[in-house]
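S.K.: Have a look at this one.
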Amino acid sequence: MYKNFLLSFLFGAFAVVRSYCQSGSVPLPPFTLIPHYLVTVNFNTTTVLVFPAAVRPVDRGDRDILAQKQPGVDNVLKLKAARKDFPVTNLHVFTADGRIYAFDVVYSDSLATTRDLSGLLDNRNTFPPGIVQLSGEAFNSAQLTELLDSFQMLPVHVHGPVNHRDKMIIRLQRIAFAGPLIFVNFRLANRSNLDYNIDFFRMYIRDRQKAKRTSVQEHEVYPVYSDTLRVIPGRTAVEYTLVIPAFTLTAGKQFLVEAYEKNGGRTLSLDVSNKVLFKATKL
């Protein structure tokens, strides 16, 4: 009898606690909601967002969105669709003033737009509309030119990482560092008869393995210098140089470099490991 009484007591106590927990849950109050703004992106044109403060991490709900900060400008973010007609997804942008901007991103065939978001802030906003913030440079232009000349004289890494796709080849053939900067040089070979028009390069650090159905949080690496080359004619090979802030990879991370073709699908991707970074030559 005592055993049955004890079991009944424990069952009743559990039911009371469970009922209390359920009844104690309340929805978050409306004032905690961060508004989501609707933004459209296109496959062939670029949407540009100008923020009132420097852009820091960007969290994309799906890899169908391409997000890139404008080199040399801290508060401008460029958006583009990686493929046409993707389902609605979201985007969160974190800025240096501690704010979070939330967007619902929709694909549209209409022309992309340029948006100045400084008007979203209250009277504490100190940035006039449309003004961009230039990032600080580690070297002046004359010093950077001298370093680039020295960099181009370095020998080629025969066993640098390489990737082949659709008769296109990308290979890392030189890597060096000077102060807080890393210099990387790629050889891009076009084995087809069709010209390859470079739209943009994208570089980022992410987890080497990613679980499905999770948000994609990647750390963008923005160049402080990039070559102006835009076309790789058919049956030719060219070199392309980028200068980025120096870094090393923590365990489980990978550094990816991607070249996107304008109005085309021949996207090139290269995985640069810590082993390669540690082989960088000092300029």
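S.K.: Right, K279: farther than 25 Å from A54 by Cβ, outside any loop (DSSP other than H, G, I, E, B) and among the basic types (K, R) or not?
M.R.: Judged against the criteria, K279 is not a match.
S.K.: Sticking with this one: Could you check, for the range 226-243, whether at least one of its residues is of a type in the set (A, V, I, L, M), modelled with pLDDT of 90 or more and assigned to a loop (DSSP other than H, G, I, E, B)?
M.R.: Checking the range 226-243: not a single residue is of a type in the set (A, V, I, L, M), modelled with pLDDT of 90 or more and assigned to a loop (DSSP other than H, G, I, E, B).
S.K.: Let me confirm something: among A176, A189, which residue is out of contact with any helix residue (DSSP H, G or I) (no Cβ under 7 Å at 6 or more places or on another chain) and either in a loop (DSSP other than H, G, I, E, B) or not basic (K, R) (or both)?
M.R.: A189
S.K.: Using the structure shown, decide if A189 is touching a strand residue (DSSP E or B) at 6+ places or on another chain (Cβ under 7 Å), outside the structural domain of L77 (by TED's automatic domain parsing) and either surrounded by fewer than 13 Cβ atoms within 10 Å (Cβ to Cβ) or among the small types (G, A, S) (or both).
M.R.: Yes, satisfied.
S.K.: Among the candidates T236, T228, T248, T241, which residue alone is in contact with a Phe, Trp or Tyr (Cβ under 9 Å, 6 or more places away or on another chain), surrounded by fewer than 17 Cβ atoms within 10 Å (Cβ to Cβ) and among the polar types (S, T, N, Q)?
M.R.: After ruling out the rest, the residue left standing is T248.
The values are calculated or read from the model by the stated rules, or taken from the named source; none is laboratory data. Remember, it's a predicted structure, so these values are computed and weren't measured experimentally. Heads up, the Cβs are rebuilt from the backbone with ideal geometry, glycines too, and the neighbour counts pull from every protein chain shown.
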